[in-house]
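The values are calculated or read from the model by the stated rules, or taken from the named source; none is laboratory data. All figures in this text were calculated on a predicted structure; none of them were measured in a lab. Here the Cβ positions follow ideal geometry from the backbone for every residue, glycine too, while neighbour counts run over all protein chains shown. Note: areas computed on protein heavy atoms with side chains; ligands, DNA, RNA excluded. Shrake-Rupley method; radii C 1.70, N 1.55, O 1.52, S 1.80 Å.
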Amino acid sequence: MLINAILLGGLYALMGIGFSLQWGISGIINLSYGAMVILGSYISLEIFNLLHIDPFISMIMSGAILFVIGAMIYRGLLQPFLKGGIVFTLILTFAVRLIVENIILKVWSADYRTIRLAYAGSNFQLGDAYVPLTKFLTFITAGILIYLTYLFMMNTKIGKGIQAVALDKEGAQAVGMDVEKMYMINFALGTALAGLTGSLWASIYAFSPHLLGPIVGKVFIIAILGGLGNIWGAAAGGLLLGFAEVAGASFLGSQWQEAIGMVIMVGVLLFRPHGLMGKKFFG
């Protein structure tokens, strides 16, 4: 149970970081995030079917394609209407979700799909437990991507610019920083992380448009648990949600799996509304 929780939590951590950055820094609650995750899965599926390229490699293409899509959505749809407030952005991102969902249904139908890797049934022994190789590779890859995202945010000019805009928008404007460009790159980066997560998801789980809603629910919980805009907070929130779901399914039954995450989220909102590792200015 512990191993399953850690492996699942690693994937949740990567999935939650992009949503947390979009919400915490760009100020956009992206209801289309689940659609972007699943779109990343379908992109890897098509690349695998056409070119027989492993999802652990094709995720680079998924991430790149979703980065461009995210930049286009922000620049062409969200940026002109941000002054309308949070309700307006909720409506717009929900509209994007519906558009992407219907494109997926039209192209791939509502059937569950899987990517059948040659080594999908392989595992190795760790103590008395057998660890599935694909889940282990997914966990390691997710950890590397999380660390690379952290390095980008901390050690590059653009990453530091994004943080500066999040901390003091007026101050960043005063020193000549292009605030809207930083917001666009941040939103596109979050969308790219959704695409990367989708490719990793496709390597171990079945996927279909039916997952769009549940994924948005999970990333909401992860972002709130960890603290908005906090990379390591989102990672910790993902691991905590993984533990909660696995423990809930093991001790209380699978019907309580989703509810436990919601209960934890409500508890955090009541007693630490800026998240376990978040800071108040991000809220």
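Could you tell me whether any residue of the stretch 101-118 is farther than 17 Å from G34 by Cβ, at pLDDT below 95, aliphatic (A, V, I, L, M) and open to solvent by less than 50 Å² (accessible area, probe 1.4 Å)? Yes, the stretch 101-118 contains a residue that is farther than 17 Å from G34 by Cβ, at pLDDT below 95, aliphatic (A, V, I, L, M) and open to solvent by less than 50 Å² (accessible area, probe 1.4 Å).
Evaluating G248 against the criteria (1) farther than 16 Å from N30 by Cβ; (2) out of contact with any Phe, Trp or Tyr (no Cβ under 7 Å at 6 or more places or on another chain) leaves one unmet condition, (2).
Which count do you get for residues in the stretch 164-207 that are part of a helix (DSSP H, G or I) and either surrounded by fewer than 16 Cβ atoms within 10 Å (Cβ to Cβ) or among the small types (G, A, S) (or both)? Break it down into steps so the answer makes sense when it comes.
Initial filter on the stretch 164-207 (part of a helix (DSSP H, G or I)): 164-167, 169-174, 179-204.
From what is left, the residues that are either surrounded by fewer than 16 Cβ atoms within 10 Å (Cβ to Cβ) or among the small types (G, A, S) (or both) are 164, 166-167, 169-174, 179-181, 188, 190, 192, 194-195, 198-199, 202-203.
Number satisfying all stated conditions: 21.
Name the single residue that is least open to solvent (accessible area, probe 1.4 Å) among those in the stretch 119-132 being assigned to a loop (DSSP other than H, G, I, E, B) and either over 28 Å from L51 (Cβ atoms) or in contact with a Pro (Cβ under 6 Å, 6 or more places away or on another chain) (or both). Reasoning before the result, please.
Initial filter on the stretch 119-132 (assigned to a loop (DSSP other than H, G, I, E, B)): 119-122, 127-128.
Restricting the remaining residues to those that are either over 28 Å from L51 (Cβ atoms) or in contact with a Pro (Cβ under 6 Å, 6 or more places away or on another chain) (or both) gives 127-128.
Values: G127: 57, D128: 155 Å².
If we take residues in the stretch 119-132 being assigned to a loop (DSSP other than H, G, I, E, B) and either over 28 Å from L51 (Cβ atoms) or in contact with a Pro (Cβ under 6 Å, 6 or more places away or on another chain) (or both), then G127 is least open to solvent (accessible area, probe 1.4 Å).
Within the stretch 13-38, the residues that satisfy the criterion of being of a type in the set (F, W, Y) and open to solvent by less than 10 Å² (accessible area, probe 1.4 Å) are F19, Y33.
Restricting attention to the stretch 84-97, the residues that are open to solvent by 40 Å² or more (accessible area, probe 1.4 Å) and either modelled with pLDDT under 90 or within 28 Å of F56 (Cα to Cα) (or both) total 5. Taken together, I104, I146 contain a single residue that is closer than 25 Å to A164 by Cα, assigned to a helix (DSSP H, G or I) and touching a residue at least 12 places away in the same chain (Cβ under 8 Å), which is I146.
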